[in-house]
Amino acid sequence: MKNSVKLPLYNEFLELFDNHKILNWKAENFWEVIKLNQPNPTRKYKRQLYAGLKVLLNCQYLEIDPIRSSKKAFIYSETPRLEELRSRHKNEQLAKIFSCKKTSLLNDIEELESNITFINNLVS
C-alpha cells in the first residue's frame, strides 16, 4: 500500500501485516499487536485505529464477517488483496537487503583484488 492513501498508523499497520495473519480479529486484537493498549490509551489513538480500520475496509484489504459480528463488535479478516500487499512489501524489503549485501560483497571483492594486485607487485 502506497503511503498516498491517508492511512492513520500506517507504519504500525504495515508492521502488523508483516507479522500477523488477520483472521477473525476484533479491534482489541489490533490494539494488542500495535501496542497501543496502554492503561489509558488516548482518544486520538483510538480514533486513529478505528479510522485506519475503516480505510482498510474501504480499500478492500480487510472485510467484516457479518455472521460473527454484532452491532457493538466487528470481526475482521484479511482479503486476498492484503495477502498481495504483504507479499509485495516483503519482496521490497528483501530487495533492499539483497542490494545492500551485494554492494558490500562487491566492495569486499574489490578490496581483495586490490590486495592481490599489491601482493603480486611485491613478489615480482
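The values are calculated or read from the model by the stated rules, or taken from the named source; none is laboratory data. From a predicted model like this one, the values you see are computed outputs, not experimental measurements. Positions of Cβ are backbone-derived with ideal geometry, glycine not excepted, and every protein chain shown enters the neighbour counts. Ligands, DNA and RNA are stripped out before the accessible areas are found, and what is left, the full protein with its side chains, is counted by its heavy atoms. Shrake-Rupley method; radii C 1.70, N 1.55, O 1.52, S 1.80 Å.
For helix 43-58, what angle does its Cα long axis make with the longest principal axis of the chain, in degrees from 0 to 90 and rounded to 10? Tilt relative to the chain: about 80 degrees.
Computed from Cα positions, the angle between helix 80-123 and the longest principal axis of the chain comes to roughly 10 degrees. With a threshold of 20 Å on the Cα-Cα distance, the over-threshold entries among Lys26/Lys54; Lys6/Lys96; Lys54/Lys90; Lys35/Lys101; Lys26/Lys90; Lys6/Lys54 are Lys6/Lys96; Lys54/Lys90; Lys35/Lys101; Lys26/Lys90.
Once the Cα-Cα distance is subtracted from the 0.36 nm per residue extended length, the Glu92 to Lys46 segment shows a gain of 13.6 nm.
For Ile75, Ile67, give the ranking by accessible area with the largest first, probe 1.4 Å. Let's see the in-between values first.
On the way: Ile75 15, Ile67 155 Å².
Heavy-atom accessible area, descending, gives Ile67, Ile75.
The listed residues His89, His20 rank as His20, His89 when sorted by accessible area, largest first, using a 1.4 Å probe.
A probe of 1.4 angstrom, applied to the heavy atoms of all protein chains, finds Trp25 with accessible area near 30 square angstrom. Accessible surface of Thr103, taken over heavy atoms with a 1.4 Å probe and every protein chain present, rounds to 70 Å². Counting Lys and Arg as +1 and Asp and Glu as -1, what is the net charge of the other residues whose Cβ lies under 13 Å from the Cβ of Phe98? Local net charge: +3.
When all protein chains stay in place and ligands, DNA and RNA are ignored, the 1.4 Å accessible-area order of Arg43, Arg81, Arg68, largest first, is Arg43, Arg68, Arg81.
Report which label in [x] 48, 16, 11; [y] 28, 14, 11; [z] 56, 14, 9 holds the value of semi-axes √(5λ) of the Cα gyration tensor in Å derived from the coordinates of this structure. Matching entry in [x] 48, 16, 11; [y] 28, 14, 11; [z] 56, 14, 9: [x]. Based on Cα contacts under 8 Å between residues 6+ apart, segment 1-120 shows a relative contact order of 26 percent.
In deg cm²/dmol and to the nearest 500, what is the mean residue ellipticity at 222 nm of the chain if only DSSP H runs of at least 4 residues count, each as -39500 (n - 2.57), divided by the residue total? Display every interim value, and only then the final one.
Numbers: 4 runs with 78 residues, N = 124.
Rounded to the nearest 500, it is -21500 deg cm²/dmol.
Out of the total accessible area of the chain (probe 1.4 Å, heavy atoms of protein only), what percent is carbon and sulfur? The partial results should precede the final answer.
On the way: 5030 of 9340 Å².
Ligands and nucleic acids excluded, carbon and sulfur give 54 percent.
At 1.4 Å probe size, with every protein chain present, just tell me what the per residue accessible area of the chain comes to in Å². Walk me through the numbers on the way to the answer.
Details: 9340 Å² over 124 residues.
Averaged over the residues of the chain, the accessible area is 75 Å².
Within the assembled protein chains, the solvent-accessible surface assigned to Tyr50 is about 110 Å², based on a 1.4 Å probe. For the chain, the longest principal axis of the alpha carbon atoms and the long axis of helix 10-19 meet at an angle near 80°.
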